[in-house]
Amino acid sequence: MFDNLREDWQTHDKQLLRQGLWVMAVYRFGRWRYKIRARWIRAPFSGIYKLLRLICEILTGIELPCEAVVGRRFRIDHFGGIVISGDAVFGDDCVVRNGVTVGLRYTGKSGSPVIGSRVDIGAGAKILGSIRVGDDVAIGANAVVLIDVPPNSIAVGVPARVLPRRPKTNQSDAEDR
């Protein structure tokens with residue numbers, strides 16, 4: 001837990017007032033308490049977690065239950081209106097901005113997205129249903145993603161269209177043209 005918190009501290013630019021850092025600290029605490037095997041010892045920690053989570057949701061507008069699986073260096077760039085389902089899965093080095101929803105497509109049907117590593121999710125994006133988003137993907141602002149997104153792609157629009165990501169060019173290559 002403490003190694004992850006150190007990385008979260010660095011990921012959020014070592015700024016104590018970043019709401020994303022608060023949410024990640026409560027999330028990591030919630031995950032850590034599951035490692036306590038004895039139920040009677042875990043119970044008070046569970047109560048503390050539930051209270052901290054409620055306070056955090058009220059103050060930040062970010063819902064990130066500890067049942068979701070979040071990789072290392074998860075960054076919540078802008079707070080407010082973020083809802084992540086309890087059965088969503090994120091890889092490492094993901095970025096989430098304000099207004100993002102990652103969760104179920106239909107009420108009563110299980111299946112939340114599995115999101116790869118190094119995924120950048122733009123403000124207001126909705127990623128819904130039992131889909132997979134590959135590594136190194138950019139989800140555009142306000143995109144509604146309802147289909148699988150392959151690695152090295154960009155998803156934009158409503159409903160989202162998947163486009164291949166252009167390879168990065170060097171500054172010197174552009175000057176030569």
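The values are calculated or read from the model by the stated rules, or taken from the named source; none is laboratory data. Keep in mind it's a predicted model, so treat the numbers as computed, not measured. Because the Cβ atoms are built from the backbone with ideal geometry, glycine has one as well, and the counts that use them run over all protein chains shown. Side chains are part of the model used for accessible areas, which takes the heavy atoms of the whole protein and leaves out ligands, DNA and RNA. Shrake-Rupley method; radii C 1.70, N 1.55, O 1.52, S 1.80 Å.
Of note, Arg75 satisfies the criterion of being in contact (Cβ under 8 Å) with a residue 40 or more places away in the chain, touching a Ser or Thr at 6+ places or on another chain (Cβ under 7 Å), among the charged types (D, E, K, R) and surrounded by 15 or more Cβ atoms within 10 Å (Cβ to Cβ). Of the residues that make up the range 139-157, is at least one surrounded by fewer than 18 Cβ atoms within 10 Å (Cβ to Cβ), at pLDDT 95 or above, within 15 Å of the chain's Cα centre (by Cα) and not in a loop (DSSP other than H, G, I, E, B)? Among the residues of the range 139-157, not one is surrounded by fewer than 18 Cβ atoms within 10 Å (Cβ to Cβ), at pLDDT 95 or above, within 15 Å of the chain's Cα centre (by Cα) and not in a loop (DSSP other than H, G, I, E, B), which makes the answer no.
Condition (residue is of a type in the set (Gly, Ala, Ser) and assigned to a loop (DSSP other than H, G, I, E, B)) applied to the range 30-40: is it met by at least one residue? Yes, the range 30-40 has at least one match.
The residue pairs whose first member lies in the range 145-157 and is among the polar types (S, T, N, Q), whose second member is open to solvent by less than 50 Å² (accessible area, probe 1.4 Å) and assigned to a loop (DSSP other than H, G, I, E, B), and whose beta carbons are closer than 9 Å, counting only pairs six or more residues apart or on different chains, are Asn152/Gly134; Asn152/Asp136; Asn152/Val137; Ser153/Gly134; Ser153/Asp136; Ser153/Val137.
Please verify whether Ile62 is closer than 16 Å to Tyr27 by Cβ, β-branched (Val, Ile, Thr) and over 10 Å from the mean Cα position of the chain (by Cα), treating the condition exactly as stated. Yes: the conditions hold for Ile62. Figure legend. Inter-residue proximity from the range 41-64: first residues closer than 13 Å to Trp22 by Cβ and assigned to a helix (DSSP H, G or I), second residues hydrophobic (A, V, I, L, M, F, W, C) and open to solvent by less than 70 Å² (accessible area, probe 1.4 Å), beta-carbon distance below 8 Å, spacing 6+ or different chains. Indicated pairs: Leu52/Val26; Leu52/Phe29; Arg53/Val26; Arg53/Cys66; Cys56/Val23; Cys56/Val26; Cys56/Ile62; Thr60/Val23.
Conditions (1) in contact with a Gly (Cβ under 9 Å, 6 or more places away or on another chain); (2) at pLDDT below 90; (3) within 19 Å of Gly91 (Cα to Cα), marked per residue:
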site	(1), (2), (3)
Gln15	no, yes, no
Trp22	no, no, no
Arg28	no, no, yes
Glu67	yes, no, yes
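Residue check: Glu63 meets all listed conditions (1) open to solvent by less than 40 Å² (accessible area, probe 1.4 Å); (2) in contact with a strand residue (DSSP E or B) (Cβ under 7 Å, 6 or more places away or on another chain) but one, namely (1).
Being of a type in the set (D, E, K, R), at positive phi and under 22 Å from the mean Cα position of the chain (by Cα) holds for only one residue in Asp3, Asp13, and it is Asp13. Per the listing Gly86, Gly99, Gly108, Gly80, the residue uniquely in a loop (DSSP other than H, G, I, E, B), under 17 Å from the mean Cα position of the chain (by Cα), loosely packed, with under 15 Cβ neighbours inside 10 Å and on the phi > 0 side of the Ramachandran plot is Gly80.
Only residues that are under 16 Å from Glu63 (Cβ atoms), open to solvent by 40 Å² or more (accessible area, probe 1.4 Å) and aromatic (Phe, Trp, Tyr) were counted across the range 3-52, and they come to 1.
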